[in-house]
Amino acid sequence: MPKNKNVTGAEAAASAATTLISKETGAASKTAAASALSQTNSKGETGAVAATAASKVLRDGRTSKASKSAAASALAQAPYRKK
């Protein structure tokens, strides 16, 4: 199975930083943002816990645009799954 080689772009990294700084952001958003930010210049993949948190963030209607951007970036870097 090929490894996911996506990296976090500049705009998503800025959104992740905004999410991490915010005092109003929940734990799931911060987990997803931290995962996305940690992969700015690396070829790492998002772990299962961070991918689950990112999925929750994307499904939550109360989440900010910055948090959703960071979560989407983290989820895009999750390992490929067999179908």
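FYI, it's all coordinate maths here, none of it is from the lab. This structure is a prediction, so every number in the text was calculated from the model and none was measured. Don't worry about glycine lacking a Cβ; one is built from the backbone with ideal geometry, like all the others, and counts go over all protein chains shown.
Some observations on this one:
- Scope segment 29-51; condition touching a residue at least 40 places away in the same chain (Cβ under 8 Å) and of a type in the set (A, V, I, L, M, F, W, C); matching residues: Ala32, Ala33, Ala36
- Residues (touching a residue at least 40 places away in the same chain (Cβ under 8 Å), more than 15 Å from Asn4 (Cβ to Cβ) and either touching a Lys or Arg at 6+ places or on another chain (Cβ under 9 Å) or not charged (D, E, K, R) (or both)) located in segment 52-83: Ser64, Ala66, Ser67, Ser69, Ala70, Ala71
- Of the helices (runs of 4 or more DSSP H) lying entirely inside the chain, those carrying at least 2 residues that are among the charged types (D, E, K, R) are 48-59, 65-76.
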